[in-house]
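Presented below is the structure to which this report refers.
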Amino acid sequence: MTATPVNFVDHEKFFDCVHCGLCLSFCPTYVELGTEMDSPRGRVATMRALQEGRLPLDAEVVRHLDLCLGCRACETACPSGVHYGELIEGVRPYIEEHYQRPPLERFKRQAINTIFPNPLGTRAFAFLLKTGAALGLGRLARWEKLPEQLRYWFGLLPEPGGVTAATLLERYPAIGEKRYTVALLAGCVMPAVFGATNEATVKVLRHNGCDVLVPREQGCCGALLLHGGDKKTALDLARKNINVFSRLDVDALIINAAGCGAMMKEYGELFKDDPVYHERAERLAAKMKDVAEFLGSIPLQNPTREVRATVTYHDACHLAHGQGVRQQPRTLLQAIPGLRIVDLNESDWCCGSAGTYNLTETEMAHRLLNRKMDNIQATDADLVVAGNPGCLMQIRAGLQQRGLATKAIHMVDLLAEAYEDNA
Ligand code: SF4
Ligand code: SF4
């Protein structure tokens with residue numbers, strides 16, 4: 001059966017793939033399932049056939065494309081420079097517009113797209129997490145009589161105290177000599193669920209000579225919506241942030257959530273056909289830095305407080321594969337006195353979080369989490385460090401489910417602990 005040719009991505013981008021298959025063993029879904037249609041090469045071929053009208057947009061095609069984590073491990077592995085992220089993010093809005101999902105699936109995806117970019121939605125989400133945590137429901141993750149999937153869902157609830165809300169001031173002065181002025185993306189989920197991490201980011205930046213600006217009118221960056229296929233709303237949100245941050249005279253725009261950073265650095269590409277926003281989007285994207293990337297690019301004010309712990313580092317996909325930030329977080333860990341650092345096997349293998357993937361593709365997300373937990377457990381570390389809130393929630397679910405004493409912590413929270421308290 002054939003269909004009409006369509007155009008969801010620049011067609012030449014498909015020709016970069018030379019079908020060599022070197023990406024296959026780096027793709028988590030291919031390694032788990034062993035099917036060509038669930039490999040990067042297979043998905044590139046599927047998307048190309050879809051665009052050329054050689055394949056209809058049916059349930060099977062959508063299934064294989066939905067199962068892609070968007071982790072971009074294939075981009076790192078590909079010697080031919082295939083822009084896999086652009087291809088998969090191009091097809092997702094096309095799927096959402098033209099494919100009729102079953103009602104429950106449609107409801108789930110619409111609910112996710114409604115909750116996360118909306119401040120009221122994220123507060124309601126945080127309230128649910130807090131209530132679940134206060135009732136100790138996370139412990140049900142260890143109750144072996146429950147089905148494994150249900151235990152996984154309960155594991156996503158944090159431990160009591162695991163949700164911290166914080167509203168930041170609009171400006172913080174540098175501690176000591178001022179060397180830089182930076183802006184901070186506070187995010188949408190971060191202020192309601194990882195507020196302490198935002199505060200820790202401000203603390204570390206101030207200790208490193210930064211005046212920190214946190215404009216109040218900023219909002220969600222749009223990454224979760226873009227991954228979910230709602231490109232129009234994602235771009236509306238991005239425009240709002242471009243307006244807000246472009247007005248500021250700053251040396252860098254700091255981001256402490258890898259998923260947001262990877263998407264925002266692509267603002268230039270996303271607005272390439274928008275004559276009003278393209279130039280501003282490119283200029284702003286050039287200033288964006290993950291917090292570890294920024295700290296790794298300046299002379300670091302070394303932390304002085306000892307932190308006695310054994311730590312291991314998990315590379316968030318959107319930091320390692322999406323932004324190429326791998327060494328800087330490790331260098332920062334080495335700067336903390338007292339830490340013992342142990343390597344994590346398959347550290348850049350996706351943990352299954354992948355934006356909202358763990359809410360829509362629970363089974364695969366859980367399989368990948370189990371693999372990650374086996375590797376974490378083998379390190380015997382007290383702390384597993386990552387630079388992305390989604391990974392932290394996912395790994396915490398795995399730790400709860402296995403009843404391990406290891407804690408999952410954001411890179412910048414650990415770093416903040418090693419600096420003396422603010423003056
Ligand atoms: S995506 Fe890259 S690595 Fe994978 S088959 Fe195509 S050219 Fe080879
Ligand atoms: S983005 Fe990740 S899951 Fe998707 S094809 Fe590439 S490696 Fe596989």
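Summary table
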item	result
Burial ordering of K289, K145, K265, K178, fewest other beta-carbon atoms within 10 Å first	K145, K178, K265, K289
Modelled FRET efficiency - R0 22 Å, A59 with Q110, Cβ distances, 0.05 increments	0.70
Rg to Rh quotient for region 11-98, alpha carbon positions, Kirkwood Rh	0.92
Neighbourhood charge, 15 Å Cβ-Cβ cut-off, centred on I88 and excluding it, Lys, Arg +1 and Asp, Glu -1	-4
Extension gain from Q377 to V342, taking 0.36 nm per residue of separation minus the Cα-Cα distance	11.4 nm
Cβ-placed point charges (K, R +1; D, E -1), dipole of region 200-254 about Cα centre in debye, nearest 20	140 debye
Residue among C68, F125, H98 farthest towards the positive dipole end of region 1-142, charges placed on Cβ	F125
Cβ-placed point charges (K, R +1; D, E -1), dipole of region 11-98 about Cα centre in debye, nearest 20	200 debye
Gain in span if fully extended, K145 to Q334, counting 0.36 nm per residue against the direct Cα distance	63.8 nm
Cα-centred dipole magnitude for the chain, charges only on beta-carbon of K, R (+1) and D, E (-1), debye, nearest 20	860 debye
Percentage relative contact order, region 171-296, counting C-alpha pairs under 8 Å, at least six apart	27 percent
Among G136, C391, L295 - extreme Cα towards positive end, dipole of the chain, charges at beta-carbon	G136
Label-point separation in nm, T310 to D10, each point 7 Å along Cα→Cβ	4.9 nm
Computed [θ] at 222 nm, deg cm²/dmol, the chain (DSSP H ≥ 4; -39,500 (n - 2.57); rounded to nearest 500)	-14000 deg cm²/dmol
Which of P173, I376, G81, positive extreme of dipole for the chain (C-beta unit charges)	P173
Average Cα contact separation per residue, the chain, under 8 Å, 6 or more apart, as relative contact order %	15 percent
Radius ratio Rg over Rh of the chain, counting only Cα atoms, Kirkwood formula for Rh	0.95
Kirkwood-Stokes translational diffusion coefficient of region 171-296, alpha-carbon pairs, 10 °C, 1.306 mPa s, µm²/s	109 µm²/s
Centre separation in Å (Cα based) which lies between region 392-423 and region 182-218	17 Å
Distance from region 55-91 to region 1-54 (C-alpha centre basis), Å	6 Å
Out-of-range pairs (alpha-carbon distance over 32 Å; input K130/K240; K231/K407; K130/K272; K289/K372; K13/K287)	K231/K407; K130/K272
Nearest-0.05 FRET efficiency for D421 and L135, computed from C-beta distance (R0 25 Å)	0.15
In degrees, nearest ten, helix 362-379 long axis to first principal axis of the chain (Cα)	40 degrees
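Only the coordinates and a few stated rules stand behind these numbers; no lab work does. Every value quoted in this text rests on a predicted model; they were computed, and no experiment measured them. Note that each Cβ is placed from the backbone with ideal geometry, even for glycine, and that neighbours are counted across all protein chains shown.
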